[in-house]
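Peer 1: Structure in structure tokens, see below.
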Amino acid sequence: MNKPASFANWKLFWKRWGVGLSVAGVIIAAIAYYYARSPQATEAVLASTLRQSVPLVLGALCGLLGERAAVINIGIEGQMLMAAFVGFLVNVYTGNLLLGVLAGIAVGALLGLLLAFMSVTLKIDQIIGGTVINILAIGLTGYFYKVGLSGHGKLNAIPLGPLAKIPLLGPVLFNNPPITYTAIILVFVVHYVLFYTPWGLRTRAVGEHPRAADTLGINVYLVRYVNVVVGGALAGLAGAYLSLEAVGSFERLMTNGRGFVALAVMIFGKWTPLGSWGAALLFGFASAIQTQLQFGGKVNIPPQFIGMLPYLLTIIVLAGFVGRARPPAADGIPYEKEG
């Protein structure tokens, strides 16, 4: 009696997670092999993987919070870019990195509020709303940026005591700057809020069937506003990471398409925080490998082709998974309250 049910459960589990687990197994086996041959190079690649994944997973969390409430956000790129610029400027003129990070978060939240106003209140096309934010950010940062500005350093790594001395895992997981730690914590916080709290249940209800949620007394507009604004704050944190932790300076268009890659990460992760983190690590691994290949001097390939690796992976993921991934049922549909 239990065998068919167990087999069905296993089949469902494999259908949902089989591909991801298979890819993870292959990567773990490769890491073990290369660590045995070259420990330092392996640690460097894995540490770079984690840090390269930070803006992607924060952008993906921004996107999924909005889309779980049925608001599509393709303005993540603009939110990240504007937050990186403002956070850097605040650091330049105040000399305070914490204020710079807070300013980046605030700018991301404000742009999220703008997107929510356009999408929820004005009910304009959400794709157009996100495009407006991207164009606005590119225009403003390009116009006001001054060459030669220098910030007051960047956020440094904080070793977590004895944990940082654990072989392989220590340098990778326990010797990172603060925003990297924060991003990892936020993955689990968002997962818990989305799937184990009343607010998360309301968010998912609004994303799947807003009229039924409204009938039960849930304020659909409020849920969408809050999720999009909080998501914008996360995108702002991703922008602050780029200018205040990863680089320590600002350059025009420094997001380099990461906001759009974050959308692919969100889809690959099936609109879940943990799945998105796994996808972000995969993309981060591709970026770390291409950096290692470019500067390792062991592969004689033009750097332009090696630099294509992360974006080529984005195309493959979008081509292979978009059709099979199911977004929230009401995603992108403005809600009109009856009466």
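The values are calculated or read from the model by the stated rules, or taken from the named source; none is laboratory data. As the structure is a computational prediction, the values presented were derived from the model and not from experiment. Cβ: placed from backbone, ideal geometry, glycine included. Neighbour counts: every protein chain shown.
Peer 1: Could you please tell me which pairs satisfy a Cβ distance under 6 Å, a separation of 6+ or placement on different chains, a first residue in segment 266-292 that is over 12 Å from THR314 (Cβ atoms), and a second residue that is charged (D, E, K, R) and surrounded by fewer than 22 Cβ atoms within 10 Å (Cβ to Cβ)?
Peer 2: Once the first residue is over 12 Å from THR314 (Cβ atoms) and sits in segment 266-292, no partner that is charged (D, E, K, R) and surrounded by fewer than 22 Cβ atoms within 10 Å (Cβ to Cβ) comes close enough.
Peer 1: Further, regarding this structure: Can you tell which of ALA60, ALA70, ALA83 is over 18 Å from LEU194 (Cβ atoms) and either in contact (Cβ under 8 Å) with a residue 24 or more places away in the chain or among the hydrophobic types (A, V, I, L, M, F, W, C) (or both)? Spell out the reasoning first.
Peer 2: Working: ALA60 fails: over 18 Å from LEU194 (Cβ atoms); ALA70 fails: over 18 Å from LEU194 (Cβ atoms).
Checking each option against the conditions leaves just ALA83.
Peer 1: Just one of the numbered conditions (1) closer than 30 Å to ASP331 by Cα; (2) touching a residue at least 40 places away in the same chain (Cβ under 8 Å); (3) not hydrophobic (A, V, I, L, M, F, W, C) is not true of THR197; which one?
Peer 2: (2)
Peer 1: Which pairs do you get when a residue that is more than 11 Å from LEU64 (Cα to Cα), found in segment 226-239, comes within reach of a residue that is assigned to a helix (DSSP H, G or I) and of a type in the set (D, E, K, R), reach meaning Cβ atoms under 8 angstrom, with the pair 6+ apart or on two chains?
Peer 2: Listed pairs, sorted by first residue: ALA238/ARG258.
Peer 1: So which helices (runs of 4 or more DSSP H) are wholly in segment 255-319 and hold at least 2 residues that are at pLDDT 90 or above and under 17 Å from the mean Cα position of the chain (by Cα)?
Peer 2: Of the helices (runs of 4 or more DSSP H) lying wholly inside segment 255-319, those with at least 2 residues that are at pLDDT 90 or above and under 17 Å from the mean Cα position of the chain (by Cα) span 258-268, 273-296.
Peer 1: Between VAL230, VAL223, which is of a type outside the set (Lys, Arg) and either outside any helix (DSSP H, G or I) or farther than 14 Å from LEU102 by Cα (or both)? Quick ask: steps written out before the conclusion?
Peer 2: Numbers: VAL230 fails: either outside any helix (DSSP H, G or I) or farther than 14 Å from LEU102 by Cα (or both).
Exactly one residue qualifies, and that residue is VAL223.
Peer 1: Considering only residues that are closer than 15 Å to LEU244 by Cα and either in contact (Cβ under 8 Å) with a residue 24 or more places away in the chain or outside any helix (DSSP H, G or I) (or both), which ones fall in segment 164-184? Quick ask: steps written out before the conclusion?
Peer 2: So the first thing to find is which residues in segment 164-184 are closer than 15 Å to LEU244 by Cα, and the list is 176-183.
Listed by number, the residues that qualify are ASN176, PRO177, PRO178, ILE179, THR180, THR182, ALA183.
Peer 1: Among the residues in segment 22-29, are any over 19 Å from LEU274 (Cα atoms), modelled with pLDDT of 80 or more and not polar (S, T, N, Q)?
Peer 2: Among the residues of segment 22-29, at least one is over 19 Å from LEU274 (Cα atoms), modelled with pLDDT of 80 or more and not polar (S, T, N, Q), which makes the answer yes.
Peer 1: Still on this structure: Answer yes if at least one residue in segment 238-251 is over 21 Å from LEU98 (Cβ atoms), crowded, with 19+ Cβ neighbours inside 10 Å and of a type outside the set (Gly, Ala, Ser), and no otherwise. Give the steps one after another, and end with the answer.
Peer 2: In the first step, residues of segment 238-251 are kept if they are over 21 Å from LEU98 (Cβ atoms); the result is 251.
Checking the rest, the ones that are also crowded, with 19+ Cβ neighbours inside 10 Å come to none.
No, segment 238-251 contains no residue that is over 21 Å from LEU98 (Cβ atoms), crowded, with 19+ Cβ neighbours inside 10 Å and of a type outside the set (Gly, Ala, Ser).
Peer 1: Pull out all pairs, ordered by first then second residue, where Cβ-Cβ is under 8 Å, the residues are six or more apart or on different chains, the first lies in segment 325-336 and is touching a residue at least 60 places away in the same chain (Cβ under 8 Å), and the second is hydroxyl-bearing (Ser, Thr, Tyr) and assigned to a loop (DSSP other than H, G, I, E, B).
Peer 2: none
Peer 1: Would you point out the residue of segment 201-222, among those that are in contact (Cβ under 8 Å) with a residue 12 or more places away in the chain and farther than 16 Å from ILE333 by Cα, that is surrounded by the most Cβ atoms within 10 Å (Cβ to Cβ)? Steps first, please.
Peer 2: At the first step, the residues of segment 201-222 found to be in contact (Cβ under 8 Å) with a residue 12 or more places away in the chain are 202-211, 214, 218, 220-221.
So of that shortlist, the ones also farther than 16 Å from ILE333 by Cα come out as 202, 218.
On the way: ARG202: 21, ILE218: 18.
Filtering segment 201-222 for residues that are in contact (Cβ under 8 Å) with a residue 12 or more places away in the chain and farther than 16 Å from ILE333 by Cα, the one surrounded by the most Cβ atoms within 10 Å (Cβ to Cβ) comes out as ARG202.
Residues are listed down the side, and each one gets a yes or a no for (1) exposed (fewer than 14 other Cβ atoms within 10 Å of the Cβ); (2) at positive phi; (3) over 20 Å from the mean Cα position of the chain (by Cα):
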{"site": "LEU99", "(1), (2), (3)": "no, no, yes"}
{"site": "LEU113", "(1), (2), (3)": "no, no, no"}
{"site": "VAL120", "(1), (2), (3)": "no, no, yes"}
{"site": "GLY148", "(1), (2), (3)": "yes, yes, yes"}
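Peer 1: Go through segment 126-146 and count every residue that is in a helix (DSSP H, G or I), exposed (fewer than 14 other Cβ atoms within 10 Å of the Cβ) and not hydrophobic (A, V, I, L, M, F, W, C).
Peer 2: Residues meeting the conditions: 3.
Residues are listed down the side, and each one gets a yes or a no for (1) out of contact with any Ser or Thr (no Cβ under 8 Å at 6 or more places or on another chain); (2) among the aliphatic types (A, V, I, L, M); (3) over 30 Å from TYR225 (Cβ atoms); (4) in contact (Cβ under 8 Å) with a residue 40 or more places away in the chain:
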{"site": "GLY25", "(1), (2), (3), (4)": "yes, no, yes, no"}
{"site": "ILE28", "(1), (2), (3), (4)": "yes, yes, yes, no"}
{"site": "TYR34", "(1), (2), (3), (4)": "no, no, yes, no"}
{"site": "VAL45", "(1), (2), (3), (4)": "yes, yes, yes, yes"}
{"site": "ARG51", "(1), (2), (3), (4)": "no, no, yes, yes"}
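Peer 1: Part of a helix (DSSP H, G or I), at pLDDT below 95, of a type in the set (A, V, I, L, M) and surrounded by 15 or more Cβ atoms within 10 Å (Cβ to Cβ), is that true of VAL187?
Peer 2: Values: part of a helix (DSSP H, G or I): yes; at pLDDT below 95: no; of a type in the set (A, V, I, L, M): yes; surrounded by 15 or more Cβ atoms within 10 Å (Cβ to Cβ): yes.
Answer is no for this residue.
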